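Engineer: Got a structure for you, written out below as structure tokens; questions coming shortly.
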Amino acid sequence: MKISKEEVIYVADLARLEVDDQLVDKLAEQLGTILEYMETLESVDTKGVRPTSHAISMTNAFREDEEAQIFNRDSALANAPDKEDGNFIVPKVVG
Amino acid sequence: MKLHELTIQEAHRRLKQKEISSTDLTRAVLDRINAVDDPVGAYITVDGEAAVAQAEMADAAISQGRITPLTGIPVALKDLICTKNLRTTCGSRILENFIPPYDATVVKKLKRAGAVIVGKLNMDEFAMGSSTEHSGFKLTRNPWDLTRIPGGSSGGSAAAVAADMCIGALGSDTGGSIRQPASHCGVVGLKPTYGRISRFGLVAFASSLDQIGPLTKTVSDSAVMMNTIAGYDASDSTSVPEDVPDYTAFLESGLNNMVVGIPKEYTAARGLDPDVSTVVENAVRKIKELGAHCVEISLPHSEFVVAVYYVIAPSEASSNLARYDGVKYGYRDKDQSGLMEMYKNTRSKGFGPEVQRRILLGTYSLSAGYYDAYYGKASQVRTLIIEDFKNAFNRCDVILSPVAPTPAFKIGEKVDDPLTMYLSDIFTLSANLAGIPGISVPCGFSSEGLPIGLQIMARHFEEGKLFKVAYNFEQTTDFHTKKPQLFGNRR
């Protein structure tokens, strides 16, 4: 197996996902098959090849740092699952 | 010809001559949706009332002599393009009730041009899929055979255009998500050059690959839509400040002096269906007859394209989708015993299985100890794939290939076999990795009567060449005039 159950659980935690016990085996198998396929990349000689993260050669895209009103507070909060007094509400963070 | 069957150009001509009104046209499209969307399932949201109101405004503008090529034309949008005050779900339960407070730049441009926005179209959740079976809401069926998938992830867009439930549509393409459904549904689908169209207001999947583009009934309609939506936008720092040509100027006859390249790796590709192979070969022959010169080219790293893409795209997705945390918008789970529990429950219940699979894959590829072997390596091989295209385009103007290795497959056939599904993207992924434009144009039918598309690719910002080749091919064939037989609501 390319990826163990424990690794799936570890990665899920990094990704803030809760993986169902019943699903872990299936996921490990599916991800294992995919990762095994990815190993074909090892056969490519990439010594000295620069990595590409952006297909169009562009350097920094600057604009004037000008103030603009995109949303007002109400519209920014309109989709919030929980809000109060113009703020987003989240579960208690500090004990 | 019934009103809903019109192309953008023909509808525009009739609107301009005042032979029809936008209100009549829009009502005809809405009636068509009522009649056939029950079996097809292309729409997530239909906004009939707003559409008629926009049509009335368009009619008022036309009566005052104000008309653009899109004024009064009913169009629909893949449901990951933000529309102000109109629900935008991205095919996901996590955004089921999301009402954007703003319009995407493409939507602003369409509205400014007077287009009528009919509704929002089904898709694979977060555009991750090749069949639209991964929508969090429903299946979309292929109008040519309701037991088959329409392709994906812009399956709703392709099906809606094919079944005349809109006059034109927008989709998005990260690894073939416009071209492959266009091929499966027998319509024209264009993935423009990376950065050619603003992505402001496009829900992000993989930011170095995503691009918005049109799905239309004809090549000319694709050029007309591009004239309106292309161009630099200060709100999208990845959009490119290149001048936008008049794309319709490329729609002229003659392919003399055009050199088309055929990649030898593609003709030998594993799993290529014999019908697809024959139909595409016939199309290449036709293009030669039209005056183009044909050369064999090589894209030596083609066999690594799927592996590179399925490292890079999920990696970028795992980062982009971190924003769905149940705080600012979208679904939040009821169990909120702590912040971490809230995040985890929200994301696990809000995202579907394919999205979670890709987030896990991407997180793994980026995690400490694996980054160099996966993401780093894939980014280097991506450079080699780009070099392959540069070398190939030294010898030819455009590259021809199939869009998908097979015609549309049966619903359910590949849904639980992710790697097989990924491998079906073999011909389309490289255009996204290289950032080049690609178009799918109808080029024939399988022995079972399913549409097959021809892919044409060109250098960065050479959409004009795609239009020229596709238009010349289309003008000498009648594949684009064929319609699926749909008998309306069968209940």
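Engineer: Taking the range B:57-94 only, how many residues are assigned to a loop (DSSP other than H, G, I, E, B), small (Gly, Ala, Ser) and crowded, with 24+ Cβ neighbours inside 10 Å? Walk me through it before giving the result.
Structural biologist: Taking the range B:57-94 and keeping what is assigned to a loop (DSSP other than H, G, I, E, B), we get B:64-73, B:79-80, B:82, B:84-85, B:87-92.
Next, from what is left, pick out any that are small (Gly, Ala, Ser): B:65, B:72, B:91-92.
Narrowing further to those that are crowded, with 24+ Cβ neighbours inside 10 Å: B:72, B:91-92.
Final tally of qualifying residues: 3.
Engineer: With the condition kept exactly as written, say whether any residue in the range B:324-340 is at pLDDT 95 or above, facing chain A (nearest Cβ under 7 Å) and closer than 23 Å to A:Gly32 by Cα.
Structural biologist: no
Engineer: Could you identify the single residue in A:Ser43, A:Ser57 that is more than 24 Å from B:Thr174 (Cα to Cα) and more than 7 Å from chain B (Cβ to nearest Cβ)? Full working, then the answer.
Structural biologist: On the way: A:Ser57 fails: more than 24 Å from B:Thr174 (Cα to Cα).
Criteria check complete, one pass: A:Ser43.
Engineer: Shifting gears a bit: In the set B:Ala313, B:Ala307, B:Ala368, which member is outside any helix (DSSP H, G or I) and either more than 9 Å from every other protein chain (Cβ to nearest Cβ) or buried (at least 19 other Cβ atoms within 10 Å of the Cβ) (or both)?
Structural biologist: Working: B:Ala313 fails: outside any helix (DSSP H, G or I); B:Ala307 fails: outside any helix (DSSP H, G or I).
Exactly one residue qualifies, and that residue is B:Ala368.
Engineer: Is it the case, given these coordinates, that B:Pro150 is in a loop (DSSP other than H, G, I, E, B), buried (at least 24 other Cβ atoms within 10 Å of the Cβ) and in contact with a strand residue (DSSP E or B) (Cβ under 9 Å, 6 or more places away or on another chain)? Show your work before the answer.
Structural biologist: Working: in a loop (DSSP other than H, G, I, E, B): yes; buried (at least 24 other Cβ atoms within 10 Å of the Cβ): yes; in contact with a strand residue (DSSP E or B) (Cβ under 9 Å, 6 or more places away or on another chain): yes.
Spelling it out, B:Pro150 is indeed in a loop (DSSP other than H, G, I, E, B), buried (at least 24 other Cβ atoms within 10 Å of the Cβ) and in contact with a strand residue (DSSP E or B) (Cβ under 9 Å, 6 or more places away or on another chain).
Engineer: Within the range B:414-423, does at least one residue satisfy the condition of being more than 30 Å from B:Tyr331 (Cβ to Cβ) and of a type outside the set (D, E, K, R)?
Structural biologist: Going residue by residue through the range B:414-423, those that are more than 30 Å from B:Tyr331 (Cβ to Cβ) are B:420, B:423.
Checking which are of a type outside the set (D, E, K, R) leaves us with B:420, B:423.
Yes - at least one qualifying residue is present in the range B:414-423.
Engineer: Among the residues of the range B:262-292, how many are acidic (Asp, Glu) and out of contact with any Ser or Thr (no Cβ under 6 Å at 6 or more places or on another chain)? Break it down stepwise before answering.
Structural biologist: Taking the range B:262-292 and keeping what is acidic (Asp, Glu), we get B:265, B:273, B:275, B:281, B:289.
Adding the requirement that they be out of contact with any Ser or Thr (no Cβ under 6 Å at 6 or more places or on another chain) leaves B:281, B:289.
Total meeting the criteria: 2.
Engineer: Go through the range B:1-54 and report how many residues are at positive phi, crowded, with 19+ Cβ neighbours inside 10 Å and over 25 Å from the mean Cα position of the chain (by Cα).
Structural biologist: Going through the range B:1-54 one residue at a time, the tally reaches 0.
Engineer: Quickly run through the range A:7-59 and pick out the residues that are assigned to a loop (DSSP other than H, G, I, E, B), modelled with pLDDT under 95 and surrounded by fewer than 17 Cβ atoms within 10 Å (Cβ to Cβ).
Structural biologist: Once the filter is applied, which keeps residues that are assigned to a loop (DSSP other than H, G, I, E, B), modelled with pLDDT under 95 and surrounded by fewer than 17 Cβ atoms within 10 Å (Cβ to Cβ), the range A:7-59 yields A:Asp20, A:Ser53, A:His54, A:Ser57, A:Met58, A:Thr59.
Engineer: Let me ask something else. Among the residues in the range B:392-406, are any within 11 Å of another protein chain (Cβ to nearest Cβ), touching a helix residue (DSSP H, G or I) at 6+ places or on another chain (Cβ under 9 Å) and buried (at least 21 other Cβ atoms within 10 Å of the Cβ)?
Structural biologist: Restricting attention to the range B:392-406, the residues satisfying the condition of being within 11 Å of another protein chain (Cβ to nearest Cβ) are none.
No, every residue in the range B:392-406 fails to be within 11 Å of another protein chain (Cβ to nearest Cβ), touching a helix residue (DSSP H, G or I) at 6+ places or on another chain (Cβ under 9 Å) and buried (at least 21 other Cβ atoms within 10 Å of the Cβ).
Engineer: If a residue has to be in contact with a Ser or Thr (Cβ under 6 Å, 6 or more places away or on another chain) and among the hydroxyl-bearing types (Ser, Thr, Tyr) to count, how many in the range B:109-144 make the cut?
Structural biologist: Going through the range B:109-144 one residue at a time, the tally reaches 3.
Engineer: Just to be sure, is B:Ala470 under 21 Å from B:Ala283 (Cβ atoms), at pLDDT 95 or above and assigned to a helix (DSSP H, G or I)? Reasoning before the result, please.
Structural biologist: Values: under 21 Å from B:Ala283 (Cβ atoms): yes; at pLDDT 95 or above: yes; assigned to a helix (DSSP H, G or I): yes.
Yes: the conditions hold for B:Ala470.
Engineer: Within the set of pairs 6 or more residues apart or between chains, which connect a residue that is surrounded by 14 or more Cβ atoms within 10 Å (Cβ to Cβ) inside the range B:269-296 to a residue that is of a type in the set (Phe, Trp, Tyr) with Cβ atoms less than 7 Å apart?
Structural biologist: B:Ala283/B:Phe473; B:Lys286/B:Phe473; B:Ile287/B:Phe473
Engineer: From the list B:Ser430, B:Ser447, which one is modelled with pLDDT of 95 or more and buried (at least 18 other Cβ atoms within 10 Å of the Cβ)?
Structural biologist: Details: B:Ser447 fails: buried (at least 18 other Cβ atoms within 10 Å of the Cβ).
Exactly one of B:Ser430, B:Ser447 is modelled with pLDDT of 95 or more and buried (at least 18 other Cβ atoms within 10 Å of the Cβ), namely B:Ser430.
Engineer: Which of the residues that make up the range B:307-355 are among the aromatic types (Phe, Trp, Tyr) and more than 21 Å from the chain's Cα centre (by Cα)?
Structural biologist: Start the filter on the range B:307-355 by keeping residues that are among the aromatic types (Phe, Trp, Tyr), which leaves B:309-310, B:324, B:329, B:331, B:343, B:351.
Selection gives B:Tyr324, B:Tyr329, B:Tyr331, B:Tyr343, B:Phe351.
Engineer: Now for a different question. For the range B:238-263, give me the residue count where each residue is over 18 Å from B:Ser172 (Cβ atoms), part of a loop (DSSP other than H, G, I, E, B) and out of contact with any strand residue (DSSP E or B) (no Cβ under 6 Å at 6 or more places or on another chain). Walk me through how you get there before you give the answer.
Structural biologist: Let us first name the residues in the range B:238-263 that are over 18 Å from B:Ser172 (Cβ atoms), namely B:241-263.
Now restrict to residues that are part of a loop (DSSP other than H, G, I, E, B): B:241-246, B:251-258.
With out of contact with any strand residue (DSSP E or B) (no Cβ under 6 Å at 6 or more places or on another chain) added as a condition, the list becomes B:241-243, B:245-246, B:251-258.
Total satisfying the criteria: 13.
The rows are residues; the columns are (1) within 14 Å of another protein chain (Cβ to nearest Cβ); (2) over 25 Å from B:Pro69 (Cα atoms).
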position: B:Gly156; (1), (2): no, no
position: B:Ala163; (1), (2): no, no
position: B:Ala182; (1), (2): no, no
position: B:Pro192; (1), (2): yes, no
position: B:Phe200; (1), (2): yes, no
position: B:Val203; (1), (2): yes, yes
position: B:Ala206; (1), (2): yes, yes
position: B:Gly213; (1), (2): no, no
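Engineer: Additional query: From (1) touching a residue at least 60 places away in the same chain (Cβ under 8 Å); (2) within 11 Å of chain A (Cβ to nearest Cβ); (3) in contact with an Asp or Glu (Cβ under 9 Å, 6 or more places away or on another chain), pick out the condition that doesn't hold for B:Ala373.
Structural biologist: (1)
Engineer: Could you tell me which residue of the range A:71-95 is farthest from B:Thr89 (Cα to Cα), considering only residues that are more than 24 Å from the chain's Cα centre (by Cα) and within 7 Å of chain B (Cβ to nearest Cβ)?
Structural biologist: Top of the filtered list is A:Phe71.
Engineer: I'm trying to understand the selection: among the residues of the range B:411-424, which are within 13 Å of chain A (Cβ to nearest Cβ) and either among the hydrophobic types (A, V, I, L, M, F, W, C) or buried (at least 24 other Cβ atoms within 10 Å of the Cβ) (or both)?
Structural biologist: Those that are within 13 Å of chain A (Cβ to nearest Cβ) and either among the hydrophobic types (A, V, I, L, M, F, W, C) or buried (at least 24 other Cβ atoms within 10 Å of the Cβ) (or both): B:Val415, B:Leu419, B:Met421, B:Leu423.
Engineer: Can you pull out every residue in the range B:49-69 that is farther than 12 Å from B:Leu25 by Cβ and touching a residue at least 60 places away in the same chain (Cβ under 8 Å)?
Structural biologist: Answer for the range B:49-69, where residues must be farther than 12 Å from B:Leu25 by Cβ and touching a residue at least 60 places away in the same chain (Cβ under 8 Å): B:Ala50, B:Thr68, B:Pro69.
Engineer: Checking the conditions here, which among B:Ile436, B:Ile456, B:Ile426 is under 16 Å from B:Val260 (Cβ atoms) and assigned to a loop (DSSP other than H, G, I, E, B)? Give the steps one after another, and end with the answer.
Structural biologist: On the way: B:Ile456 fails: assigned to a loop (DSSP other than H, G, I, E, B); B:Ile426 fails: under 16 Å from B:Val260 (Cβ atoms).
Only one candidate passes the filter, namely B:Ile436.
Engineer: Any residue at all in the range A:8-28 that's basic (Lys, Arg) and more than 8 Å from chain B (Cβ to nearest Cβ)? Walk me through it before giving the result.
Structural biologist: First, the residues of the range A:8-28 that are basic (Lys, Arg): A:16, A:26.
Within this subset, residues satisfying the condition of being more than 8 Å from chain B (Cβ to nearest Cβ) are A:26.
Yes, some residue in the range A:8-28 is basic (Lys, Arg) and more than 8 Å from chain B (Cβ to nearest Cβ).
Engineer: Looking at the range B:341-365, which of its residues are within 7 Å of chain A (Cβ to nearest Cβ) and over 25 Å from B:Asp417 (Cβ atoms)? Steps first, answer last, please.
Structural biologist: Taking the range B:341-365 as the starting set, the residues that turn out to be within 7 Å of chain A (Cβ to nearest Cβ) are B:342-345, B:347-348, B:356-357, B:359-361, B:363-364.
The answer is B:Met342, B:Tyr343, B:Lys344, B:Asn345.
The values are calculated or read from the model by the stated rules, or taken from the named source; none is laboratory data. All of these numbers come straight from a predicted model, not from anything done at the bench. Don't worry about glycine lacking a Cβ; one is built from the backbone with ideal geometry, like all the others, and counts go over all protein chains shown.
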